[in-house]
1. If you roll a 1.4 angstrom probe over the protein chains with everything in place, what fraction of the accessible area of the range 133-289 belongs to carbon and sulfur, to the nearest %?
2. Quote the FRET efficiency, to the nearest 0.05, computed for residue 286 versus residue 372 with a Förster distance R0 of 25 Å and r equal to the Cβ-Cβ distance.
3. Tabulate in residue order the Karplus-calculated ³J(HN,Hα) for the range 293-300, using 6.51 cos²θ - 1.76 cosθ + 1.60 with θ = phi - 60°, rounded to whole Hz; enter x for Gly and Pro.
4. Placing unit charges on C-beta atoms (Lys and Arg positive, Asp and Glu negative, everything else neutral), compute the dipole magnitude of the range 42-138 about its Cα centre in debye, rounded to 20.
5. Can you list the HN-Hα couplings for the range 198-210, worked out from phi with the Karplus curve (6.51, -1.76, 1.60; θ = phi - 60°), rounded to whole Hz and with x for Gly and Pro?
6. I'd like the Kirkwood hydrodynamic radius of the range 223-272, using the inverse of the mean 1/r over distinct C-alpha pairs, in Å.
7. Quote the FRET efficiency, to the nearest 0.05, computed for residue 145 versus residue 42 with a Förster distance R0 of 22 Å and r equal to the Cβ-Cβ distance.
8. Can you work out ³J(HN,Hα) from phi for every residue in the range 120-135, in order, using Karplus 6.51 cos²θ - 1.76 cosθ + 1.60 and θ = phi - 60°, giving whole Hz and x for Gly and Pro?
Amino acid sequence: MPSDAPIDPNSDDYIQDSITNSGDYIKVPNSSFTTPVYFAASTDPSYTITPALFGPTVTVHIPTSAQPAPGTDSQLIIYDLTLNESVGLHHATFDTTWHADGTDRYLLDSEGLDEAIGGTPGNSGHRGVPAPIRALRYDEVQSGTINHRLECFWWATADSHVFPMSLHENNRGGVVPEGMVVRIKPSVDLDSLGLSSQALVIAKALQTYGCVVGDNSGSGNKLKIETNSNWNLSGTAFQAVPWSMWEFIQAGYNPVTEETVTMFRQGDSPDITYSGAIDTMIKESTPTATSGGSVTLQADGADPGSTGEDDSVLLRWYLGSIPNGSTVTSAKIVLNVTNDTNSTGYDLYELKRAWTEGGASWNQYASGSNWQTPGAEGTDDRGTTVLGTVAPTDTGTYALTLNSAGLAVVQNWISTPSSNHGFIITNSTNTDGLTFSSSEETTSADRPLLIINYTE
Ligand SMILES: [Ca+2]
Ligand SMILES: [Ca+2]
Ligand SMILES: [Ca+2]
């Protein structure tokens, strides 16, 4: 991470939260809350595990000797090199096969970001933190150098999350959003502090890469490490590096690209108070109907098929938290697809009128105000340049990256917020419709998500 990475405006408050609620320095967890880590071979038994509560269905080799942690979380991590994956299990049990309440799986050769925030398809679970980050291994420390970010679990986190995390736990009572990264200040001379050899290797990683606040401990801010009887880390291992030597990196900062990533999703991001998203669908077959409260949105070029009439989707997110003057470098829309499409896909265009969620229909953009052409098809209604194409061939998470014309549109919305009327998703010739969850979907993680990367 660059030594001059931007510091979060709330850094001092978050450091004070650490001192007030977790004492003067970071703690080492007891063995119930470390995580057993196993490397599986292709000859180990293979299991397909569908979690009872959350996460993807995973297929993974697990050694017959594997045991979950003895604490209440019963966690377990497997590196399966033959399947190019790390798999985490939560509340894991074994009878004649393995069961778990929660699962996560990340591809070992990927960038490690959850598909739910536009990362590599197949990466999924644990709110966006891959297992290799969640359990620092003893052999990594013994090698003398750790070359990646670590994870800390916090006494309590806020009801919000920031990149690189995809979700957060609710009602924990803290102030630090999940996904915040805290590091030992680059100016601290760690070699001079008298740390033990293991603590020094870990502290250097905490200075170079920091740790992501990725979970709740219930009491005390602690490191996430693997279960290993060879650790020689006392409870006071990091006493010589008090919180006053730490700082929080700006929320959403990506050290790889040196951009800031901000996410917008109704009732969820940037935090649970966000209400700047509206969405609806307009239907040629019922041209005066409004659908602002629908929990699903449909685009179709032939509904009903016999008439070839169209359905189009309107979406808008307000972007007020991105500073005017920022440069947009990429933008993605992530949808929860409930009905996929074997078609060329549905195209995204800029909308040009101040449509309303409650009033927009095939005929009108707001109650009493007609589109130039019904269906928002006039040049005063929408742009004529395709900004991206939504073409999911499976249900589930689908990410659309906006093209350069799309970036220019979003850039203009940041410079001139009053010009932001969102997008329309439409195609008049497809016969296989597309359906996805709206901002009214009960599960907030399934609502439409807009991710914007920018530099200031
Ligand atoms: Ca809506
Ligand atoms: Ca049509
Ligand atoms: Ca379909």
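1. The nonpolar share, carbon plus sulfur, comes to 47 percent.
2. It comes to 0.80.
3. These are the phi-based 3J(HN,Hα) values: x, 5, 7, 10, 10, 10, 10, 7 Hz.
4. So the magnitude is around 160 debye.
5. So the Karplus estimates, Gly and Pro as x, are 5, 4, 5, 4, 5, 4, 5, 5, 5, 7, 7, 10, x Hz.
6. 15.0 Å
7. 0.15
8. In residue order, the calculated couplings are 4, x, x, 7, 7, x, 6, 6, x, 9, x, 4, x, 7, 6, 9 Hz.
The values are calculated or read from the model by the stated rules, or taken from the named source; none is laboratory data. Since we're looking at a predicted model, the values are computed, not measured. Ideal geometry is used to build each Cβ from the backbone, glycine not excepted, and the neighbour counts take in all protein chains shown. We work out accessible area using only protein heavy atoms, side chains counted, and drop any ligands, DNA or RNA first. Shrake-Rupley method; radii C 1.70, N 1.55, O 1.52, S 1.80 Å.
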